[in-house]
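Let me begin by presenting the structure, written as structure tokens, before commenting on it.
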Amino acid sequence: MTDFDDIKPDEWLEREVERPAKQFAKQQGWWLAKFVSPGLRGVPDDVFIRDGRVLWIEFKRPGKDLRPQQKKRVREMREHGAEVHVIDNLADAYALLR
């Protein structure tokens, strides 16, 4: 498991989902980068690429919702064909990044 085994999932911080998910993704052969979008708020923070597939992922604390600006950007990106995911738990992260 992770270094966070002694913490209940509902008490986790965003990084406690993000870090092990990224470690798992690297083990699965994903290229990943932290994405910064100056002048355009709400764009997902991380991009993952493997075998021509590009995923945009916004990691959230378990049970935490997107901010309004993030919801707008996710909707816009999906309307343009981007594969965007909001992940708030390791089970979903691992399933997506297998």
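The values are calculated or read from the model by the stated rules, or taken from the named source; none is laboratory data. Quick caveat: nothing in here was measured; it's all calculated off a predicted structure. Ideal geometry is used to build each Cβ from the backbone, glycine not excepted, and the neighbour counts take in all protein chains shown.
Within region 53-74, the set of residues being surrounded by 12 or more Cβ atoms within 10 Å (Cβ to Cβ) and either touching a residue at least 60 places away in the same chain (Cβ under 8 Å) or charged (D, E, K, R) (or both) comprises 58, 60, 61, 64, 67, 71, 72, 73.
Which residue pairs have Cβ atoms under 6 Å apart, sit 6 or more places apart or on different chains, and have a first residue in region 76-89 that is in a loop (DSSP other than H, G, I, E, B) and a second that is surrounded by 15 or more Cβ atoms within 10 Å (Cβ to Cβ) and basic (Lys, Arg)? Filtered contacts from region 76-89: 88/60.
Within the group 75, 61, which residue is of a type in the set (D, E, K, R), more than 13 Å from the chain's Cα centre (by Cα) and on the phi < 0 side of the Ramachandran plot? Walk me through how you get there before you give the answer.
On the way: 61 fails: more than 13 Å from the chain's Cα centre (by Cα).
Only one candidate passes the filter, namely 75.
Filter region 46-61 down to the residues that are in a loop (DSSP other than H, G, I, E, B) and among the basic types (Lys, Arg) and list them by number. Show your work before the answer.
The initial filter retains those residues of region 46-61 that are in a loop (DSSP other than H, G, I, E, B), namely 51-52, 60-61.
Scanning region 46-61 gives 60, 61.
Out of curiosity, is residue 43 part of a loop (DSSP other than H, G, I, E, B), surrounded by 17 or more Cβ atoms within 10 Å (Cβ to Cβ) and at pLDDT 95 or above? Considered against the rule, which asks whether it is part of a loop (DSSP other than H, G, I, E, B), surrounded by 17 or more Cβ atoms within 10 Å (Cβ to Cβ) and at pLDDT 95 or above, residue 43 comes out as yes.
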